[in-house]
Each structure stands twice: as C-alpha cells, then as structure tokens.
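Peer 1: Have a look at the structure that comes next, please.
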Amino acid sequence: MLSFRSFRMELQCLWCFMLLSCFQQSLSADFYTSIGQMTDLLYTEKDLVTSLKDYIRAEESKLEKIKQWADKLDSLSATATQDPEGFLGHPVNAFKLMKRLNTEWGDLESLVLKDTTDGFISNLTSQRQYFPTDDDQTGAAKALLRLQDTYRLDSNTISIGDLPGVTYKSPMTVEDCYELGKIAYSEVDYYHTELWMIQALRQLDQGEESNIDKVTVLDYLSYSIYQQGDIDRALDHTKRLLKLDPEHQRAQGNLKYFEFQLEKLMKEETPKEKEERQKREISEKPKKKAFKEPLPERKKYEMLCRGEGIKMTTRRQSKLFCRYWDNNRNPSYVLSPVKQEDEWDRPYIVRYHDILSHSEIEKVKQLALPRLRRATISNPITGVLETASYRISKSAWLTVYEDPLIEKINQRIEDLTGLEMDTAEELQVANYGVGGQYEPHFDFGRKDEPDAFKELGTGNRIATWLIYMSDVAAGGATVFPDVGAAVWPKKGSAVFWYNLFPSGEGDYSTRHAACPVLVGNKWVSNKWIHERGNEWRRPCGLNELDGIPV
C-alpha cells in the first residue's frame, strides 16, 4: 500500500527534479538587474503554485480511494483468515475472491500507476524558459552583500528584515543565510562567508529548525576564518565541530594543522629576531601629518549614499534659492511656470518639480518595460559595449515615433533648458534591480576618449537631464563624490546639470554615481544633450568658468 509518507517523499523528489531541470534549461535573462521585470516572475510563480495545488488535490483524491480500498480489504482479510476454509466454503466468498484478484486488484494497480502530473508538468515546462538562472541567484546574492557594505548593515538586521522604509518584514531562514555564505565562499569572499555562516549558526543556536546542520555551517565558518588569518578562532570552531561529529575527517586534519600553525607562531623569538621585528615596526609606523589624507572615492561615494559626507557651508547654502521658472518668458510656461530649486552650486545642479505626471510616468514605463535590456558601458580600451558589475540596471531607448508623449517630453526639456533636442540622444529609461546601482562615472567623453561619440556626429555631451519616475524608500540617491553633493529621488521631478564648461572643456566635478537601491523600485529616464546645434544657444565663454554661478 502507498503511504502518505511515501507520497510526500515522491512529491518532494518530483518537485526537486523539476526545479533542477528548470534551472539547467532556463535562459540567462539577468532578472536581478531590473525590479520591473522581476515582478513578472511573481505572477509566474503564482500560476505554478496553482498548478501544483491541482496536482496535490488529484494525488490526495487518488490516495483517498486507495486508502478506502485498503481499509475494506483489511477488515475482510482479518475475518477470512480466522477460518479460511470455512470462509471459502461460501460460494459467494469464493467468487468474490476470484473477482478481486482477477479484476479489482488490476484496477487498483491502474489507479496507483495513474499519472496526475501531466497538467502541472506541461505548465512548468512552458514557463521554465523564463526562469532565473544560477547567474541571477548569484547576482542577487552579491547585490545583497553590496548593500550590506554600502549601508553598513549587520547580518542580523538583514536577516530579521529590519530595513528602513520596508512596509513588511521578510525574515531569512537558516537556509537563506547559509546559501548567501556559500555563494560568497564560491566567490572567494571569505569576509562575507564568515558573516553569513555566523548568522546561520546563530539562528540554529536559537532553536530554528533547518535541514542545514551545525556541522556543515561550522565547516565553512572555520575555514573562512582561517583564510582571513585568525587561526585561534578557526581552531575554536573546529573543536566545536568535532564535539558534534568526532569522526569528521576534514575537521580532524584541520585541528592538527591549526595547532601546528599556532605552535609555530607562538614559538619564542630569538633576541636578534625580536630586535629586527621592533625596528620593522618602528619603520612602518605611520608618520604624523599636518593635514588629513584625502578620502578615497569609494569611501566618499558610500558615505554620500548613507547621507553622510561633505556638507555645504551655511554661506554657500544661503545662495541657493527656489523660484518659479518660465525660462525667459517661454510661451509654454508664462502662465504656468515650473517650480525650480537649486540643489548645488558648483557644479550647478538644479531640480525642476512636477515635470511628469503620474499618468505620463506610467505610460513611459509601459512603453519601456518590454524593451528593457541589461544596461551596458563602453569599454574605454576596445570601445565595445559590455555589461559590468558596477552598473546593475536595465534600460530601454524610446524615440519620438514610439508615442506622441515622447515628443512632448523632448519639447518640455527644450523649453525649460533652451537647448536643442534634435541632436540629443533618445530618451533612455532605466529600471534598477536588486541593489541596483551605477558606480562613479562621467557622462561626457574625456580627452583620452576622442572617439567616444564619434558615430553620433553631434559632438560631446554638453548636459544631462535626469527624470526621477519613482520615489525610493531607502537608498538610490544620485551623488557627486568629488564635491559632496547628493540628490535624492523625488517622483516626477528632474535634475539638470552641464557636463561641459562654456569653453567646451569637461567639468570633472560632474563625476557622479547612482547609489544602490536599498529598499524600493527605482525608475529614471534621462536625456543626454550634445554640443551640435547648441553653438548659439550656449555660446562658448572666454574661460572655462564663464557662466558658472559663484
């Protein structure tokens, strides 16, 4: 008789097999690089769960029939075997026995062998080509680790789901923590391996039930700690592992090796070795300096993303204003000027409020969503477009032929900036993924990149217009590390800055970055405006600072 336990094991094996098959045969789509496209996966999973429940109901119905048949025969057999000859002496009982063995047991066999998985398998097979891949899972894990570092979050905070701006907590299981540590281990990232194996161990120690045991976690943990040079702690964790599993061969070998290394390190130094070590320590001791070392760009970038870093002086702030703007009485804005706000003075960054309405934003997203592709960068050496780990997003280009709205947006930008749109690049729409970011970069071509926009034939990128099409619950700021500026997303607003001085020289202070999205879904669109056609709209200055607010 097929037991419920056997059924559960059979179902579990079937499910694992099908998921493995899906991952092996799926297409690489970089799902993790766009939250917008990831939402489709939720509906796919919901459909698969519905199919799975139908399959379970069919199996339960089948098992219920089998159970009823088994109960009936169990009672009959118990009576019959008390007096087999007397029982079969009744001709009806003999006939029923022949009938059962010849016909009914055959029917039962067919019922047991009946395959109820067709509908579910068919649905799963049709959907699996759209499933995420191993690369997607690894990408999402690395994004989570990047968020942990950028926003200085401890593993326990992330595990319990206590993130700023979340509407509901999504706690991680031991399996989740273990998987994150294991991915870090595969990337030879022993620092994060340690953090997440410790978190998995902590949750196991707190009594959380899991298929992952402490021995497995301690094995990874002790080795990752050893790889970081802390032999004492690696030894402690190895001893704990061996208390749980005294026969663990790798741990036995590691124990002897760690003890040998410690003994070697702790041996008494000779007087000469001690003298040489002291001299070396004195020579390597950092000299006092009268000024502070400049912070590396990465550190400044992460500080600005957290809302820290350089602050503008009160005197400089007093020169920033908000105003109603009609761009020298442009006919489109004389009666209804837009709200303009100074964000920064050098480089001059200005924000325009309420540039796109909610319905216009939804229309742009609707046009862009099916066209989204992994965002690329231009290789500075080869000039070839390629994906990069420091740009996690998907983007789409929308032309005026796509929809009349795109032409209206272009005209709106021209009216407010006074710059030519015919030579500008098409409207680019971007959606950021898990931990979506774009690390510090320039929008304009530098002197060492003379052919950066040669194929466009419109000169360098004179200015950038960036529209925020969503609010972001946490993270996602646009920061300028060289000057300490941070501009935070506000749905419907746009920020604008010049990449080139009036002289045509590049303004290197415009080097900027998109901070990782910690919580939320970040949509932006941007317009890169070029030099050609703007010779008279923004005339060249006598020196590079002409026209720059002071």
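The values are calculated or read from the model by the stated rules, or taken from the named source; none is laboratory data. Quick caveat, the model's predicted, so the values are computed rather than measured. Here the Cβ is made from the backbone with ideal geometry for all residues, glycine too, and neighbour counts use every protein chain on show. To get the accessible areas, we keep the full protein, side chains included, count just its heavy atoms, and leave off ligands, DNA and RNA. Shrake-Rupley method; radii C 1.70, N 1.55, O 1.52, S 1.80 Å.
Peer 1: Using only the Cα atoms of the stretch 393-497, build the gyration tensor, take square roots of its eigenvalues as a ≥ b ≥ c, and label the shape rounded, prolate or oblate: rounded if a/c is under 1.5, else prolate if a/b is larger than b/c, else oblate.
Peer 2: Details: a/c = 1.60, a/b = 1.13, b/c = 1.42.
Taking the square roots of the gyration eigenvalues as a ≥ b ≥ c, the stretch 393-497 is oblate.
Peer 1: Quick check: from the Cα gyration tensor, does the stretch 307-377 come out rounded (a/c under 1.5), prolate or oblate? Please list the in-between numbers first.
Peer 2: Details: a/c = 2.90, a/b = 1.29, b/c = 2.25.
Verdict is oblate for the stretch 307-377.
Peer 1: Compare the peptides 421-427, 365-371 by average per-residue count of other Cβ atoms within 10 angstrom and give them in order, highest first.
Peer 2: Values: 421-427: 19.0, 365-371: 15.4.
Descending packing order for the listed peptides: 421-427, 365-371.
Peer 1: Tell me, what is the per residue accessible area of the stretch 189-237 in Å², probe radius 1.4 Å?
Peer 2: Numbers: 2240 Å² over 49 residues.
Per-residue accessible area for the stretch 189-237 comes out at 46 Å².
Peer 1: Not counting ligands, DNA or RNA, and with a 1.4 Å probe, what is PHE321's accessible surface area in Å² rounded to the nearest 10?
Peer 2: So the heavy atoms of PHE321 present about 120 Å² to solvent.
Peer 1: Let me ask you something else. How do TYR324, TYR178, TYR190 rank by accessible surface area computed with a 1.4 Å probe, from largest to smallest? Walk me through the numbers on the way to the answer.
Peer 2: Details: TYR324 160, TYR178 25, TYR190 45 Å².
So the residues, ranked largest to smallest area, are TYR324, TYR190, TYR178.
Peer 1: Can you list the aspartates and glutamates whose alpha carbon is less than 16 Å from that of LYS114, not counting same-chain residues fewer than 8 positions off?
Peer 2: GLU10, ASP54, GLU59, GLU60, GLU64, GLU104
Peer 1: Give me the net charge of TRP523's neighbourhood, meaning all other residues with Cβ under 12 Å from the Cβ of TRP523; Lys, Arg count +1, Asp, Glu -1.
Peer 2: Working: positive: LYS365, LYS394, LYS491, LYS522; negative: GLU362, ASP471.
Counting the neighbours of TRP523, the net charge comes to +2.
Peer 1: Would you mind computing, in nm to one decimal, how far apart the modelled labels at ALA78 and VAL334 are, each placed 7 Å from Cα along Cα→Cβ?
Peer 2: 9.9
Peer 1: Okay, next question. Go through ARG329, ARG316, ARG412 and list them by solvent-accessible area, largest first, probe radius 1.4 Å.
Peer 2: On the way: ARG329 160, ARG316 70, ARG412 50 Å².
Per-residue accessible area, sorted high to low, gives ARG329, ARG316, ARG412.
Peer 1: At 0.36 nm per residue, minus the direct Cα-Cα distance, what do TYR257 and SER210 gain on full extension? Give it in nm, one decimal, please.
Peer 2: Extending this stretch completely gives an extra 13.8 nm.
Peer 1: When only Cα pairs under 8 Å and 6 or more residues apart are kept, what is the percent relative contact order across the stretch 450-502?
Peer 2: Details: 60 pairs, mean separation 22.7, N = 53.
So the answer I get is 43 percent.
Peer 1: Using only protein heavy atoms and a 1.4 Å probe, report how much of VAL188 is accessible, in Å² to the nearest 10.
Peer 2: Accessible surface of VAL188 is approximately 100 Å².
Peer 1: Exceeding 31 Å between C-alpha atoms, which entries from my cross-link table qualify? They are LYS311/LYS408; LYS46/LYS214; LYS339/LYS363; LYS299/LYS394; LYS243/LYS299. Mind showing how you got there, number by number?
Peer 2: Values: LYS311/LYS408 37 Å; LYS46/LYS214 33 Å; LYS339/LYS363 23 Å; LYS299/LYS394 26 Å; LYS243/LYS299 43 Å.
As for pairs spanning more than 31 Å Cα to Cα, those are LYS311/LYS408; LYS46/LYS214; LYS243/LYS299.
Peer 1: Using a Cα-Cα cut-off of under 18 Å, which aspartates and glutamates could be cross-linked to LYS447, ignoring same-chain neighbours fewer than 8 residues away?
Peer 2: Within reach: GLU455, GLU505, ASP507, GLU531, GLU544.
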